[in-house]
Amino acid sequence: MSRKSVRRFCADPLHQQHGCCFYCELAIWLVSPHAFAAEQGLTLPQVAQRQCTAEHLKPRAYGGGDERENIAAACLACNMTRARRKKPPSPERWRAIRRRWVSRQVRH
């Protein structure tokens, strides 16, 4: 998916999610990593993991499409770790897992 497509797919969900990741609920960025880093008090490597991605709630590999209802805004860390799973957990299950990690301050 191109960067332009990601912006198009992410803009509405990101706004609806109040600028936060669908899974971990941490603030994420779509346009300016430097401004986000300064605003959040993070380093650029930390900010890289919080980049907004278009997350397919039902993965395309399992028949999910690019419909608006199937797209959520997720940080790169949550999206990639879910995608790397042999069988990705449901969005609800992954949300519970990631929120638990954040509450325990596990490295994001």
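The values are calculated or read from the model by the stated rules, or taken from the named source; none is laboratory data. Source: prediction; values computed, not measured. All Cβ positions, glycine included, derive from the backbone under ideal geometry; neighbour counts span all protein chains shown. Areas reflect the complete protein model, heavy atoms only, side chains present, ligands, DNA and RNA absent. Shrake-Rupley method; radii C 1.70, N 1.55, O 1.52, S 1.80 Å.
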* Would you mind telling me which numbered condition in (1) in contact (Cβ under 8 Å) with a residue 40 or more places away in the chain; (2) in contact with a helix residue (DSSP H, G or I) (Cβ under 7 Å, 6 or more places away or on another chain); (3) under 19 Å from ARG93 (Cα atoms) LYS58 fails? => (1)
* Structure fact -> When (1) open to solvent by 70 Å² or more (accessible area, probe 1.4 Å); (2) at pLDDT below 95 are applied to LEU30, the one that fails is (1)
* Residue count for the range 71-86, restricted to those that are free of Cβ contacts under 8 Å to residues at least 40 places away in the same chain, in contact with a strand residue (DSSP E or B) (Cβ under 7 Å, 6 or more places away or on another chain) and not in a helix (DSSP H, G or I) -> 0
* Just checking, how many residues over the range 7-62 are of a type in the set (Phe, Trp, Tyr) and under 13 Å from the mean Cα position of the chain (by Cα)? -> 4
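A quick yes/no check of all residues on (1) touching a residue at least 40 places away in the same chain (Cβ under 8 Å); (2) open to solvent by 80 Å² or more (accessible area, probe 1.4 Å); (3) part of a loop (DSSP other than H, G, I, E, B):
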{"residue": "PHE9", "(1), (2), (3)": "yes, no, no"}
{"residue": "TYR23", "(1), (2), (3)": "yes, no, yes"}
{"residue": "GLU39", "(1), (2), (3)": "no, yes, no"}
{"residue": "THR53", "(1), (2), (3)": "yes, no, no"}
{"residue": "ASP66", "(1), (2), (3)": "yes, no, yes"}
{"residue": "GLU69", "(1), (2), (3)": "no, yes, no"}
{"residue": "PRO88", "(1), (2), (3)": "no, no, yes"}
